[in-house]
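To start, the structure under review is shown below, and the notes come after it.
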Amino acid sequence: MTRAKFRFTPWLAAGLMMLGAGLAPAVVLGAPAHGIALHGQPKYGSDFTHFDYVNPNAPKGGEARFAAIGSFDTFNPFNIKGQPAAGIGQLFESLLTGSADEPFSEYGLIAESVDVPEDRGSVTFAIRPQAKFSDGSPITADDVLFSFETLKSKGSPFFRFYYANIAKAEKLGERQVKFTFAPGENRELPLIMGQMPVLSKKYWQDRDFGATTLEMPVGSGPYRIERFEPGRFIVYQRDENYWGKDLPVNRGRYNIDRLRHDYYRDVTVALEAFKAGSYDLRVENVAKQWATGYEFPALAKGLVKKETFPNQMPSGMQGFVYNLRRPLFQNPKVREALAYAFDFEWSNRNLFHDQYKRTRGYFDNSDLAARGLPSPEELTLLEPLREALPPRVFTAEYQPPVAGDDEQLRVNLRRALELLQEAGWVFRDRKLVNAKTGEPFRFELLIAEPTWERIGLPFARNLERLGIEMSVRSVDSAQYENRVRDFDFDMVVNVWGQSLSPGNEQREFWSSAAAGQPGSRNLAGLKSPAVDALVDQVVAAPDRVSLVTRVRALDRALQWNFLVIPHWHIPYARIAFWDKFGYPAVTPLQGVQLDAWWIDPAKAALAGTGGASNH
């Protein structure tokens, strides 16, 4: 499952969730329902009025300003062309929408009901009669079917993988559609189809869906584009006539009248603009900036706040990603060796102010993470694949190399050299060369943000001690996106976000089919029949217990394939903001929800911004 809104605690037992106002009436399969959960029952009953983590009486009004980096050249976030404008996803809505205080449940948005038979072999949606697009036209079954066919045939590769198991889409009536699934266990499919963005057939059918466009699109969401200047800014205006503003899933959300995104050249310039009051809120992802970059008068005066908001989501995986399509990185011993040259402990101490935890797997910070040796239940899945899996999947718990001090780093580098020699590389004249061809060990780390230079260059210096030349090349965001999309790189930094209910998106992340599809998320180029089989097992998990077991088995296989040099994570979001906002007291398990914030007029006056733009 992916939580992406198009442009991501341990599980509370698979069954009824006893949060908030008590037990919700059970949803019965085989009958129209207001919502659906992947496993067990949805938390909120059919009579719920709002989510527990919003303020249903939040005031409306004001303006919030944000920063974006680089540029934009398209309002179509659904294909792989161009750079979509920041915030463009809020123009488009889906049949269902998720709640942030459950692992994976969805409730009616465009659809007023969802009907799943007991065998979960299909899903039927009934469209709300009041649902309409921003041009006033009603949303119909024809729009839903058009969206499905268009996204799958002309959209990003993501959609082809995500909808691969939809065998049939049909119109049952003017406001009713049914999707029938291919044979096989795939409990996510009803929710996946609920996530599908619904596009206006009237608007798109005579336009090139695969191209970039700066024509203001017809959407169905709470905001419309008010004005923009390509590459400089875009402003969204809350639609007072938004058809869905009184739905239970929307009460207390979308409170701010105007959302402005201004574009800056890089993160350093953007931070200085924030301190000057040019925009209102920034989610900080640079530890050094969080520790030392906010020492300015407005913070001391209390006009700006720095807050952390916890979440209970899997950390996902961020790391230096090897491109296994390159012959240089096809030997797993080479990939394992280079990780010994990355000194996370030094970076955490000297660059990150000890803010981070080292990431060791693809689902850290959750009960999905593989720990210790495989359980008997995991072995049941892994044993039939033994010949196609790295042997250490069965015998050891993966841990990334630890340095901590110069002596341990020297030990690590000696181990790296041993592995490289086993892989056919030798040290000659202070250079590492291929023993057969004499070719030097040389590659490029491709980055798009200068902040990665201060992390990549110390890594490069350690590699130099092994006789390896790693150049760090920074390119503009457009060139970076194009090269990554075409897998034209040796190594990049990537983040694979994960949810509490992994599923079909893992195919795009790791499957052999995705490895050859430009624009897919399988950046490493992994082609492993064993991983393909484990991904299929995850997708087919019939309940929460089996899902956890299957994800842990997949985690082990990915760890021991050495696809990345793992980086780090934190179990919270760091947000700095001018003190003009109100926000709910409750932070749900999936983390802070900015669409539930609002402008507090009294605070805005004290902060000196008043909710008005400086532009």
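Throughout, read-outs are computed from the coordinates displayed, never taken from laboratory work. Keep in mind the model is a prediction, meaning the values are calculated, not measured. Glycine also receives a Cβ, built like all others from the backbone with ideal geometry; neighbour counts cover every protein chain displayed.
Things worth noting here:
- Using the Cβ-Cβ distance between residue 572 and residue 465 with R0 set to 25 Å, the FRET efficiency from 1/(1 + (r/R0)^6) comes to roughly 0.10.
- Helical mean residue ellipticity (222 nm; -39500 (n - 2.57) per DSSP H run of 4+; nearest 500) of the chain: -7000 deg cm²/dmol
- Subtracting the Cα-Cα distance of residue 602 and residue 392 from 0.36 nm times their residue separation leaves 69.6 nm of extension gain.
- If you sort the three axes of the alpha carbon gyration tensor as a ≥ b ≥ c, you get a/c of 1.5 or more for the range 435-484 and a/b no higher than b/c, which makes it oblate.
- Straight-line cross-link partners of residue 333 among the lysines, defined as a Cα under 29 Å from its Cα and at least 8 positions apart when in the same chain: 357, 431, 436, 527.
- Label point distance in nm, residue 330-residue 149, each placed 7 Å from Cα along Cα→Cβ: 4.2 nm
- Extension gain, residue 60 to residue 442: 0.36 nm times the residue separation minus the Cα-Cα distance gives 131.9 nm.
- Cα-based shape type of the range 378-442, given that a ≥ b ≥ c are square roots of the gyration tensor eigenvalues and the cut on a/c is 1.5: oblate
- Whichever aspartates and glutamates have a C-alpha closer than 18 Å to that of residue 178, once near sequence neighbours (fewer than 8 apart) are set aside: 106, 112, 115, 118, 119, 142, 143, 149, 170, 188
- In plain terms, the chain from residue 457 to residue 275 could stretch by 62.7 nm, reckoned as 0.36 nm per residue minus the Cα-Cα distance.
- Of 81/171; 43/580; 81/132; 171/201, pairs whose Cα-Cα distance is over 25 Å: 81/171; 43/580; 81/132
- Computed FRET value (nearest 0.05) for residue 411 with residue 308, which takes r as the C-beta separation and R₀ as 41 Å: 0.70
- Charges were assigned to the Cβ only: +1 to each Lys and Arg, -1 to each Asp and Glu. The resulting dipole of the chain about its Cα centre is roughly 820 debye.
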